[in-house]
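The values are calculated or read from the model by the stated rules, or taken from the named source; none is laboratory data. Predicted, not measured: the structure shown is a model, and the values here were computed from it. No Cβ is skipped: glycine too gets one built from the backbone with ideal geometry, and neighbour counts run over all protein chains shown.
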Amino acid sequence: MDLKAVIFDFDGTLADTRKLIVAAKQEMMKQLGLKVLDEATCVATIGLTAYDAFSKDYPELSPEEIEVVVKTYRAKFDELKTTMPPELFPGVDTVFAELKKRGIARTIATSRNKKSLYEFVGNWGMTDDFAVILCAEDTEKVKPNPDPVLKTLEALSISGDQALVVGDMPVDILMGKRAGAFACGVSYGNSNREELLSAGADFVIDSMEELLDIL
């Protein structure tokens, strides 16, 4: 591969946000009197926008009710993030340093909202590490649609075969492959090797450091 860019997912790929997301979802469900879903069900929709995730979880709710669910969830998320702050996965700093050394652009394509994503990245002093950051609001269509990758490729003036998408969920893999990019799944996030390979992953790694072996 003649890579010019690596397009990273955020939740479950760069940052370990699983406990925080699940706790915020379940606290929201209790507050609103909704059926409290188990951890596996809460995790299954990570990678989708909050609206799409809760629409899938509660198909009986109206669009207006889903908006209330999303608003309440985000409030719970903001409340809990101070007591259970997410951390970068081991090896992220090492991999980023090597990518920079090789002149390979680092970007983010996430379904997380812009306010939340930029807060985390800013707190870690990483804002300038990324050539492109695309959040849920930045494309009309989100994962597994290829638009976030296509928009990134356009911004960097590169082709799909010069980019590698790295993510922990099948929607990340599908997004990358549909844009003509290479796709690498990470098994340490919120999915597993079998699901990532079934989605079409070219590679699956068990730690962030293994990404350097692919390069």
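Listing for the model above:
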{"item": "Wholly enclosed helices (runs of 4 or more DSSP H) of region 103-215 bearing at least 1 residues closer than 20 Å to residue 90 by Cα", "result": "114-123, 193-198, 211-214"}
{"item": "Qualifying positions in region 52-106 - in contact (Cβ under 8 Å) with a residue 60 or more places away in the chain, of a type in the set (Val, Ile, Thr) and over 20 Å from residue 16 (Cβ atoms)", "result": "104"}
{"item": "Odd one out for residue 27, checked against (1) touching a helix residue (DSSP H, G or I) at 6+ places or on another chain (Cβ under 7 Å); (2) among the charged types (D, E, K, R); (3) within 26 Å of residue 210 (Cβ to Cβ)", "result": "(3)"}
{"item": "Given (1) under 26 Å from residue 205 (Cα atoms); (2) modelled with pLDDT of 95 or more; (3) within 17 Å of the chain's Cα centre (by Cα), number of the condition residue 74 does not satisfy", "result": "(1)"}
{"item": "For residue 141: the one exception among (1) touching an Asp or Glu at 6+ places or on another chain (Cβ under 6 Å); (2) buried (at least 17 other Cβ atoms within 10 Å of the Cβ); (3) of a type in the set (Lys, Arg)", "result": "(2)"}
{"item": "Looking only at region 1-43, and only at residues there that are without any contact (Cβ under 8 Å) to a residue 24 or more places away in the chain and not in a loop (DSSP other than H, G, I, E, B), the one that is farthest from residue 173 (Cα to Cα)", "result": "30"}
{"item": "Where residue 127 falls short, out of the listed (1) buried (at least 17 other Cβ atoms within 10 Å of the Cβ); (2) hydroxyl-bearing (Ser, Thr, Tyr); (3) more than 21 Å from residue 3 (Cβ to Cβ)", "result": "(1)"}
{"item": "Residue 79 being modelled with pLDDT of 95 or more, among the acidic types (Asp, Glu) and more than 21 Å from residue 122 (Cβ to Cβ)", "result": "no"}
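Table: residues versus (1) assigned by TED's automatic domain parsing to the domain that holds residue 136; (2) farther than 28 Å from residue 179 by Cβ; (3) surrounded by fewer than 19 Cβ atoms within 10 Å (Cβ to Cβ).
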| site | (1), (2), (3) |
| --- | --- |
| 30 | no, yes, yes |
| 35 | no, yes, yes |
| 39 | no, yes, yes |
| 53 | no, no, no |
| 65 | no, yes, yes |
| 91 | yes, no, yes |
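One line per residue, one yes/no per condition, for (1) buried (at least 21 other Cβ atoms within 10 Å of the Cβ); (2) of a type in the set (Val, Ile, Thr); (3) free of Cβ contacts under 8 Å to residues at least 12 places away in the same chain; (4) touching a Leu at 6+ places or on another chain (Cβ under 6 Å):
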{"position": "155", "(1), (2), (3), (4)": "no, no, no, no"}
{"position": "164", "(1), (2), (3), (4)": "yes, no, no, yes"}
{"position": "171", "(1), (2), (3), (4)": "yes, yes, no, no"}
{"position": "174", "(1), (2), (3), (4)": "no, no, no, no"}
{"position": "183", "(1), (2), (3), (4)": "yes, no, no, no"}
{"position": "188", "(1), (2), (3), (4)": "no, no, no, no"}
{"position": "191", "(1), (2), (3), (4)": "yes, no, no, no"}
{"position": "195", "(1), (2), (3), (4)": "no, no, no, no"}
{"position": "199", "(1), (2), (3), (4)": "yes, no, no, yes"}
